[in-house]
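Below is one structure; the comments refer to it alone.
The values are calculated or read from the model by the stated rules, or taken from the named source; none is laboratory data. In this text, all values refer to a predicted model and were calculated from it rather than measured experimentally. Cβ placement follows ideal geometry from the backbone for every residue including glycine, while neighbour counts extend to all protein chains displayed. Please note that ligands, DNA and RNA were not included when accessible areas were found on the heavy atoms of the full protein model with its side chains. Shrake-Rupley method; radii C 1.70, N 1.55, O 1.52, S 1.80 Å.
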Amino acid sequence: MQYGSGVAISAVIDTSQNTYATGDFTVSAPLECTFVTLLDPLGGDFFAPLDDGVITLTSCPKAIGDKVVGSFKNAVLQSDMNESSRTLSGNFDVAVYAMTGSLNCPPADEPDDNDNGQPDDDDDQPNACQGYEFCESGDGACCPYAECLATCGFNCVMNDDECAGGLNPVACNICTLGCLERCGVDQACRDAATALTSCEDDAGCIEIADEDAATSCTESHCCAEFQAAY
């Protein structure tokens, strides 16, 4: 899951052929079963799990285009750069764009609860940037690089042998940080993106896994920083 600011959340969930793919999966250290990482390329930081938290899957996608629905619950991530940490708690709802093999899904006549009971984040917050289009005017400091960074980050996950589709988060981090140079990102964009990420962090927006809710949080709390960057 990648946000306009460049922040990317990657989760690997270790399912089993003997149990249904839906359910709760305990978060472990990277490369050990189920884990989640957060990469902030413009901020130059990478966050790895601390053997704490749960990833819940409430859907079982069977084909490309199906939805992967679930939530993060108190997944604590530690910075590689300092002693700071972030906690992921929130819903996600993303479409499958590639598949290899299949999941062990519950039978069609067995109900699968897709509601984890968590309220939507920031439902009662005013949207200060309502109607503002991402890079519509092109004035944002990072607009000239947004498409390149998104494509470069995607290619790191999908095509970099060391990154291995997200299975090696350290290698993914190195590859994605290299996108700054490959895309020729200037200092003005880096400064604007750092200010935006700092605001999103202070407001708790980065901890929201649901993309729509996270965007609403950013627009409500960090409108000026968002417009300056994008």
With every protein chain in place, the chain: carbon and sulfur % of accessible area (1.4 Å): 48
Label-point gap, in nm, between CYS33 and LEU167 - each point 7 angstrom along Cα→Cβ: 1.8
0 to 90° range, to nearest 10: angle between helix 187-203 axis and the chain longest Cα axis: 50
Contact order normalised by residue count of the chain, Cα under 8 Å, 6+ apart, percent: 20
Answer label, with percent of Cα pairs over 28 Å apart calculated from the coordinates and candidates (i) 31; (ii) 37; (iii) 53: (i)
Degrees, to the nearest 10: 211-221 long Cα axis against longest axis of the chain: 30
Residues of the chain: accessible area per residue with a 1.4 Å probe, Å²: 51
Residue of PRO41, PRO169, PRO61 that the Gaussian network model of the chain assigns the largest fluctuation, springs spanning Cα pairs under 10 Å: PRO61
Unpaired by the 4.7 Å Cβ criterion, cysteines found in the chain: CYS33
TYR97 accessible area, 1.4 Å probe, all protein chains in place, Å² to nearest 10: 140
Gaussian network model of the chain, springs between alpha carbon atoms under 10 Å - residue of ASN74, ASN18, ASN159 with greatest fluctuation: ASN18
Local electrostatic count at SER102 - Lys and Arg +1, Asp and Glu -1, tallied over other residues with Cβ under 12 Å: 0
The chain: most fluctuating residue of ASP93, ASP66, ASP51 per GNM, C-alpha cutoff 10 Å: ASP66
